[in-house]
Amino acid sequence: MVDVAPRGMTAEEIVSLSRQYTLYEWSAQNAVDPIPVERAEGIYFYTPDGKRFIDFNSQLMSVNIGHGDRRVIDAIKAQADQLAYANPFMATEVRARLGQKLAELLPGDLEVSFFTNGGAEANENAVKLARQYTGRSKILAAYRSYHGATAGAITMTGDPRRWAAEPGMPGVVRIPDVHRWGRRDPTPAPEALHDLEEVIMFEGPQTIAAIILEPVVGTNGVLIPPDGYLQGVRAICDRHGILLIADEVMAGFGRTGEWFAVNHWNVVPDLISLAKGLTASYLPLGAVVMRREIADAFKDRPFFGGLTYNSHPMGCAAALATIGVYEEDGLIERSREMGKVMNRHHRELEAKHPSLGAGRNIGLFGILELVRDRETYQPMAPYNGTSDEMKAIGRFLRDNGLYTFVRWHTIMNNPPLTITEEQLGEAFQILDRALDIADQAVAA
């Protein structure tokens, strides 16, 4: 008999066909050079020819429980066997259980979930809810932010990825950033809050539906707010009847060493956007969770929003199983403790490498910020750009089996929460050698 079983593609075939027949995001297609991936386990993934990479970015800051956890895979299989899909007007056990579980985990009276396909749609629907609930139109958002690539979310996004989509959704107003470009330290909370109040005054508080922010900013720098800032924003929102939307798509589910980043400052937002770590990206699922008071406003009038895959049973099953892994394996506490180890590595690199302006982390949410001069804090690459040094660092990391984001003048440090102290040390040994490249560019 002729063997008709499909053979596995080579790395070259995978890359060639992917480039020929699919479109890569945020990239000029001729510049795309993807890593072919065949399998993954724990903190590692492998190419078809067997090269191993440390996944030091949890793919898109999302595979928080590591790769290949059988508890989640088996839950997905079981749900597929029982009920693969039911439309969002129906009720399923996994939808009911996940909604209840999130209400238990989230702070305060964040109790009612609207499930989406991912984080961008969670932010889109958070804005719809805020506008329909308040009857106001404006949304305040920061420059150092990313909220997603859909039409409304990309308008709220502050970084350059929004430029090609402008003018975009009307009603978005920028607020001053706590963290200013080219500075090591954030603006003190009282000054930052004064600047925010001034924008609200100029815009008219009665026109503003919500402020959306990342409690810890993600791809724009792992920017940790000064103590008092989030509490102050909460108080300002309360004073003016403005809703506070916390975008925790990246920071949620243990990434910062707490279930949710807002917990570090004991702040309860009015709406919170979730995705990524919700299922550890084993399947697509997002959610916007709202306070009971907001949900109650739609008891006798419709909420104008909907998605074909809202509350998808397989996504909900993946989320429930993933939450179970966080709890069973103590991954929230583990992130907190391993964050201390990461901080120690950052301090050691700062002492050794003059090119390292700052190593920052909260839990296992970390970044290295490279500079040409610590005194002037000149970045190693310009805003929305790169440099020969950063390109060389990116090549070095790839050649030496460490996968992470090298963006502008930064290197992301976001491993799975399952990483061991030994594995973390192995990753930082590679980063240590990579920084030798940047040190050559430091001003004498």
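A count restricted to segment 378-412 and to residues that are among the β-branched types (Val, Ile, Thr) and either touching a Lys or Arg at 6+ places or on another chain (Cβ under 9 Å) or over 13 Å from Ile437 (Cβ atoms) (or both) stands at 4. Only one entry in Gly118, Gly108 is touching a strand residue (DSSP E or B) at 6+ places or on another chain (Cβ under 8 Å), surrounded by 17 or more Cβ atoms within 10 Å (Cβ to Cβ), in contact (Cβ under 8 Å) with a residue 40 or more places away in the chain and in the same structural domain as Ser281 (by TED's automatic domain parsing), namely Gly118. Which residue is surrounded by the fewest Cβ atoms within 10 Å (Cβ to Cβ), if the candidates are limited to segment 23-45 and must be within 24 Å of the chain's Cα centre (by Cα) and farther than 30 Å from Leu331 by Cβ? Once the filter is applied, the top-ranked residue is Ala28.
Being surrounded by 17 or more Cβ atoms within 10 Å (Cβ to Cβ) and closer than 29 Å to Pro215 by Cβ narrows it down to one of Arg360, Arg344, so name that one. Among Arg360, Arg344, only Arg360 is surrounded by 17 or more Cβ atoms within 10 Å (Cβ to Cβ) and closer than 29 Å to Pro215 by Cβ. When we screen Ala86, Ala91 for residues that are over 26 Å from Met250 (Cβ atoms), of a type in the set (A, V, I, L, M, F, W, C), at pLDDT 95 or above and loosely packed, with under 13 Cβ neighbours inside 10 Å, the only hit is Ala91. In this structure, is Gly339 assigned to a helix (DSSP H, G or I), under 17 Å from Met61 (Cβ atoms) and not acidic (Asp, Glu)? Yes; evaluated as a whole, the condition is true for this residue. Is it the case that Gly286 is on the phi > 0 side of the Ramachandran plot and touching a residue at least 12 places away in the same chain (Cβ under 8 Å)? No; evaluated as a whole, the condition is false for this residue. The residues of segment 146-198 that are small (Gly, Ala, Ser), buried (at least 20 other Cβ atoms within 10 Å of the Cβ) and part of a helix (DSSP H, G or I), listed by number, are Gly152, Ala153, Ala192.
The values are calculated or read from the model by the stated rules, or taken from the named source; none is laboratory data. Quick caveat: nothing in here was measured; it's all calculated off a predicted structure. Note that each Cβ is placed from the backbone with ideal geometry, even for glycine, and that neighbours are counted across all protein chains shown.
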